[in-house]
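Structure, as C-alpha cells:
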Amino acid sequence: MVKVTIDGIEIEIPKGTTVIQAAEQAGIEIPRYCYHPGLSIVGVCRICLVEIERMPKLQVACYTPATEGMVVHTNTEQVLEARQAVMEFLLVNHPLDCPVCDQAGECWLQNFYMQHALHDSRMFENKVKKSKALQIGPNVMLDSERCILCSRCVRFCDEISKSNELGIFNRGDRAELQPYPGTELDNDYSGNTIDICPVGALTDRDFRFRTRVWYLSETESICPGCSTGCNINVHHNDQRTYKAGGSRVSRLKPRYNPDVNEWWMCDAGRYGFTHVDADSRILAPTRSIGEEQEMSWGEAASEIMTKLREVISVHGKESVGVILSPQMTNEDLFVARRFFRDGLGLKHIDFEVAPLTTGAKDDFLIKADKNPNTAGARLLGVGARQGSGMTVAEMLEAARKRKLRALYICHHDLANGFAVDVVEEALTAQDLVVFQGPNTNSTSALAHYVLPAAAFVEKTGSFTNYAERVQMIHTAVTPLGESKADWQIFRSLAKEAAISVPYFEAEDVFQALTAEVEAFSGLPYAGLAGQGIALRDGQALPESETVVA
Amino acid sequence: MSKVAFSQESLSEFERIVAQYPERRAAMLPTLYLAEKEFGHISPEVEVYVGELLQVPAIKVREVLTFYTLFASKPRGKLHFQVCRGISCDLRGCTKIIEHLQEKLNLNSEETSADLAYTLSEVECLGACETAPMMQLNDDYHGDLTTETVDLILDEKK
C-alpha cells in the first residue's frame, strides 16, 4: 500500500494504482476521454493532466502510477489552463453539429466544455471535412468529423472482441478512424464501441434519431437473452413514446458488474428487446374456441379453472401437463410450483425444451442456453429431470395419444424444439390448451385460451444465471394492455381454485421462496439489487449438456 | 496465405532485422522499407504479407503505413524523380526544371507513367541547397541542374 495526497485528501491505495484510479477512490473525478478501466492505457487524449509536486511538467493521471508520498493537485490554475488548451485542440475541427447529433446530452465534449473549457473559438481557418454518416457495420454509424481519436473503439476491437476491425489511418488533422478497407465493424460485441465512444463519432443505428437521451429514464435490469444474465440498464421513454413509433423501450445498455459482464454485453442481447413493443404482444385474455373473443381476467380465470377441474375430475391429475419456461423469474416459477404442484397436485411439470438448432456461444459472454433462468428453474425443481413427471417431449407424445387431455404452456414456442406437425397433432388432440406469454407464436395460435404475460421490462423479480448468481430485474414500464406478471396470473387462477397464494408483491414471493427452497435459503432480498448474489460464491458451473430453447 | 512473398535474399534480410528487436512488431518500419524495395510499393497484399511476417493484423500495418507519408502505397515508376521545391531551389529556378521534366516525361507532377517507367514528384527541401536547383533520382542526388543536365541524366538512365 502507498499513501498519496490528492487535492488535500490523503488516501491509501495498493501499489500500482494509477493517479486517476486513486483520485476516483478519493471521490475526485478527473476528466478523461481515452482512459477506460476495461481497456489498455494509451494516454493519447491528454485531458486528464494533473499537477504532481516535484515533477517539472503536468502528468497524465491515467498512466502515472501513484507512488508513496505523492502529492497531486487536480484543480490548480495550471491544470485548468492545460485542460482548456486540450479542449480547444479537440474542438478545432469539431463540426459542432450537436443539434443533429445523437450523443448530445451524454457527450463528454459537451460536458467537459461546460465544466472545464468555456473558451471562445480563436479559429479562423476552415474546418477539415471528413466522412459523415458512414455505415461501418450492421449496428454502428461513424461520423469522422466528431471523432477525437481517443482509440477506445480500436482498443476494444483489439483487446475485448479480438476482431481487429478498426484502425486510425493517416496522421495529423487528416487522421481518421476507419474499418480495414473491404471489411465491416461486424462482431458479436460491436455495440459496445458505441457505449465507450465518449463523443458522437460512433452512434447506434438502432437508436439513431429515435429520441433525445434526456427524455430517457433508466431502470436496472438483467438481459434475458441468455443464461449469462448480463447486468443492464433499460433506457425507456416514458413521456414521448409517440415520437418513437409507440415503442417505450429505447435501448439497453450494459451495467458494470465485475463478476458477470464487466462493462460489456453482446449485440444479440442489446438489440433483442424489440418483442417488448412488438405488434405480436398479447394485450388481453382471449378465448380462441370458435370465434376469438377477449375476456376479462375474472372470466378467463373462472372459465379456465372450470375446464381444468373438469379434465382432472374425469381423467385424473395425470392427464394434465404443465410446460413452464426458463424465461420466467424465480418468483413466477415458485408460484407456479405452489399452484400446479402443491395446490392442484399435478405431476407432469417441466420447463426444458431443447432447441432444434443449438444456440450460438463463445468463451466470453454468449451462452448457448438462450434463457435467463434455467438454473433457477432447476433449483426450484420444476423440471421433469428434477421430479418424476414427463418431459415436454413425453408430454407431447402422451398428448397425441390422448393420455394427456390438457396442456398449460408458458412462453414457449414449441416449434423451436419440435417439428411443427408433432406440436400440432399433440395440441389439437387436447380438451384444453392454455397459452400464457407476452407474445403470440405458433403455439399460442393452437391454444384455446391465451393469457397475456408481462414482458421482462414490465415486472420485478429475479433470475438465476448459469453460475447460480441471483440477480434482479425491475419494472421499467407498466405492463402493456391487460398483461401481468406470470406469478400474478397463477395467483388469479389459484384464487378460483381456492388455493392460497398469499403474495402481493414480488418481494413477498421471494421471501416465501427463500423460506421454502433450500438452495435459496437465507438470501436477503435487499442484497439482490445492484450486483446480485452468487449462491455458491461465484463458482462458475460447467454449462449443462442439455440446451434449452 | 498472402499472394506475395519475399525473395530468399529479402527474407534472410528480414530475419536479420527482426532479430534486432525484442518484439517482432517493433520491426515494422524496416520491414516496410524492405517490402517497398522488393515490391516497389506497399499494396494491400503486401500489407497482409507484412502483417503475417510480424504476426500482427494487417490493419496495424496499414495504420503505420498511412501515418508516414514517404511510403508508397500506389505503384511507383522505376525512375522516381523527386524535384526539390525548397526556397533555395525555387530561387534558383526549380520551376523550370519541373516544367522541363513534365514535358520530357509527359507527366504531371505526382503522376506515374502508365508503363511504370517514371514517377515525378515535387518534394520539400532535401537539404542540399548548395547545389540548388537539385533533385533526388531514386537514391541519388543530382545538383546544379539545368535543362541540359536533366537531358543528359535522362539519356543516361533510359
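Coordinate-derived values only; no laboratory data. Predicted, not measured: the structure shown is a model, and the values here were computed from it. We place every Cβ from the backbone using ideal geometry, glycine too, and count neighbours over all the protein chains shown.
Here are the numbers for this structure:
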quantity: Where Rh is the Kirkwood radius over Cα pairs, Rg/Rh for the range A:289-545; calculated: 0.95
quantity: Estimated FRET transfer efficiency when R0 is 30 angstrom, pair B:Glu15-B:Lys74 (beta carbons, to 0.05); calculated: 0.60
quantity: Relative contact order (percent, whole number), chain A, Cα cutoff 8 Å, 6+ residue spacing; calculated: 11 percent
quantity: Estimated vicinal HN-Hα couplings, Hz - the range A:149-162 in sequence order (Karplus 6.51, -1.76, 1.60; Gly, Pro = x); calculated: 6, 6, 6, 4, 5, 5, 5, 4, 5, 7, 9, 9, 7, 6
quantity: Efficiency of FRET from Cβ geometry, A:Thr478 and A:Arg174, R₀ 45 Å, rounded to 0.05; calculated: 0.30
quantity: Relative contact order (%) - the range A:137-281, alpha-carbon pairs under 8 angstrom, separation at least six; calculated: 20 percent
quantity: Kirkwood hydrodynamic radius of chain B, from inverse mean 1/r over distinct Cα pairs, in Å; calculated: 17.1 Å
quantity: Shape call, the range B:8-67: gyration tensor on alpha carbons, a/c limit 1.5; calculated: oblate
quantity: At 0.692 mPa s and 37 °C, Stokes diffusion of the range A:121-208 via Kirkwood alpha-carbon radius, µm² per second; calculated: 247 µm²/s
quantity: Distance between the range A:426-500 and the range A:115-135 - C-alpha centres, whole angstrom; calculated: 52 Å
quantity: The range A:2-91, Rg to Rh (Cα coordinates; Rh as Kirkwood inverse mean 1/r); calculated: 0.94
quantity: For peptides A:135-142, B:32-39, sequence by mean Cβ density within 10 Å, most packed first; calculated: A:135-142, B:32-39
quantity: For A:Phe364, A:Phe89, order by how many other beta-carbon atoms lie within 10 Å, fewest first; calculated: A:Phe89, A:Phe364
quantity: Whole-number D in µm² s⁻¹ for chain A, Kirkwood Cα-pair radius fed into Stokes-Einstein, 20 °C, 1.002 mPa s; calculated: 82 µm²/s
quantity: Positive minus negative residues near A:Glu220 (Lys, Arg vs Asp, Glu; Cβ under 13 Å); calculated: +1
quantity: For B:58-68, mean number of other protein chain Cβ atoms within 10 Å; calculated: 6
quantity: Label point distance in nm, A:Arg54-B:Tyr141, each placed 7 Å from Cα along Cα→Cβ; calculated: 4.9 nm
